[in-house]
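First the structure, in the form of structure tokens, and then the observations on it.
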Amino acid sequence: MDLGLKGKRALVCASSKGLGRGCAEALAEAGVELVMNARGAEALEAAAADIRARTGVPVTAIAADITSEEGRARVLEAAGAVDILVTNAGGPPPGIWTDWTRDDFIKALDANMLTPIALMQALLPGMMARGWGRVVNITSQAVKAPIGVLGLSNSARTGLTGFVAGTARQVAGSGVTINNLLPGIHATDRAESLDGGVAKKEGISMDEARARRVATIPAGRYGTPEEFGAACAFLCSQYAGFIVGQNILLDGGGINTTL
Ligand code: NAP
């Protein structure tokens, strides 16, 4: 399927690994020129080189912490006038509500709410002026159903979801869509680290921790970054212009809801 994206330009944040990388790869395969970002330069350069070699699209790699003002400024300068923005950053650590301090909340809000909002504020005006744009925010299934140990994530991502709900309707008339993709468990480093935490806490092996989690997913497995990336590329496509302000759950049926 030709997504109608050849020659477009995208900024994909936090994309040297995992879900961000899945999005970068799927967009590159659709012919989109990329600006990729992550903090670690080595893995980022390797991912960029791999995508360049496989797809032939130009890829610019900017090593920076997207949650810092300085890092964001460097990424935005390199990105210039992009047609597509995929926001992403690492998720907050697990814990318990009694322990989280104001500083913990500020850090989580900065990473998973205020950073995507700042990126949208910087890039939406250009997209609107050009009459076409796509924003996809990588959030979490925690928006639909809270995850007790990830209270920092529940809080920050719900705040972002509220911002998107209002803003998406304000920019849609200019040909710009904003939607959120809500990952359930996907096979990435983040899932490894969450499973590692469970294994340690429960005194069980990693295999057992994984098996217990898989048992909660009707699809009977973890999702893959490739599947996630393909959904992102579709939301960015010419065919998705009528999908506005939606929260799309990719979780193998894990969240038991009718709507
Ligand atoms: P991952 O495999 O750990 O990859 C994270 C990527 O983001 C890496 O490329 C990392 O590179 C980059 N990154 C992290 N913090 C960054 C920062 N401050 N600035 C720039 N780049 C940064 O994680 P993932 O599984 O893809 O998860 C992506 C997002 O989805 C996270 O917010 C996560 O909480 C959320 N999520 C994931 C799952 C899941 O099952 N995987 C489920 C629900 C929600 P560097 O470390 O080099 O910066």
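The values are calculated or read from the model by the stated rules, or taken from the named source; none is laboratory data. Just so it is clear, the structure is predicted and the values come from calculations on it, not from any experiment. Every residue, glycine among them, receives a Cβ derived from its backbone with ideal geometry; neighbour counts consider all protein chains shown. Keep in mind that these areas ignore ligands, DNA and RNA; they rest on the heavy atoms of the full protein, side chains included. Shrake-Rupley method; radii C 1.70, N 1.55, O 1.52, S 1.80 Å.
In this calculation the C-beta distance from residue 145 to residue 46 is compared with R0 = 35 Å, giving a FRET efficiency of 0.50. Ranked from largest, the principal axis spans of the Cα set of the range 124-259 equal 55, 29, 27 Å.
The residues neighbouring residue 214, those whose beta-carbon lies less than 12 Å from its own, together hold a net charge of +1 under the Lys/Arg +1, Asp/Glu -1 convention. The residues neighbouring residue 248, those whose beta-carbon lies less than 15 Å from its own, together hold a net charge of +1 under the Lys/Arg +1, Asp/Glu -1 convention.
Take the alpha carbon atoms of the range 1-76, find their center, do the same for the range 85-107, and report the distance between the two centers in whole angstrom. A separation of 24 Å, based on Cα centres. Once the chymotrypsin sites (Phe, Trp or Tyr not before Pro) in DSSP loops with at most 12 neighbouring Cβ atoms within 10 Å are cut out of the chain, the longest remaining piece is 98-241.
By the Cβ rule of 4.7 Å, the chain holds the following cysteines without a possible disulfide partner: 13, 236. Comparing 84, 204, 106 in a Gaussian network model of the chain where C-alpha atoms under 10 Å apart are linked, the largest mean-square fluctuation is found at 204. The mean sequence distance of close C-alpha pairs (under 8 Å, at least 6 residues apart), as a share of the length of the chain, puts its relative contact order at 22 percent. For the range 134-202 versus the range 212-254, the inter-centroid distance based on Cα atoms is 12 Å. For the chain, what % of the accessible area comes from carbon and sulfur atoms, probe 1.4 Å? That fraction is 56 percent.
Rounded to whole numbers, the Karplus 3J(HN,Hα) couplings from phi for the range 152-166 are 5, 5, 3, 5, 5, 6, 5, x, 4, 4, x, 4, 5, 4, x Hz, using 6.51 cos²θ - 1.76 cosθ + 1.60 with θ = phi - 60°, and x at Gly and Pro. The phi torsions of the range 13-27, fed into the Karplus equation with coefficients 6.51, -1.76 and 1.60 and a -60° offset, translate into couplings of 7, 6, 10, 7, 8, x, 5, x, 5, x, 5, 4, 5, 5, 5 Hz, rounded to whole numbers, with Gly and Pro shown as x. For the chain, the Cα-based Rg and Dmax, in that order, read 17.7, 56 Å. Note on the chain: helix-only mean residue ellipticity at 222 nm, from DSSP H runs of 4+ residues weighted -39500 (n - 2.57) and normalised by residue number, equals -14500 deg cm²/dmol. Taking the C-alpha atoms only, the angle from helix 41-55 to the longest principal axis of the chain is near 60 degrees. In terms of Cα atoms, the Rg and Dmax of the range 198-259 work out to 15.8, 49 Å.
If you line up the long axis of helix 115-130 against the longest principal axis of the chain, both from Cα atoms, how many degrees apart are they, to the nearest 10? Tilt of helix 115-130: around 20 degrees. Per residue, the accessible area of the range 1-135 comes to 45 Å², computed with a 1.4 Å probe over protein heavy atoms only.
Any chance you could tell me what percent of the C-alpha pair distances in the range 135-183 go past 16 Å? Roughly 39 percent, once rounded to a whole number. For the chain, a Gaussian network of Cα nodes joined below 10 Å ranks 201, 107, 17 by mean-square fluctuation, and the top entry is 201. Largest GNM mean-square fluctuation among 79, 168, 129, using the chain with Cα springs under 10 Å: 129. Taking the C-alpha atoms only, the angle from helix 69-79 to the longest principal axis of the chain is near 40 degrees.
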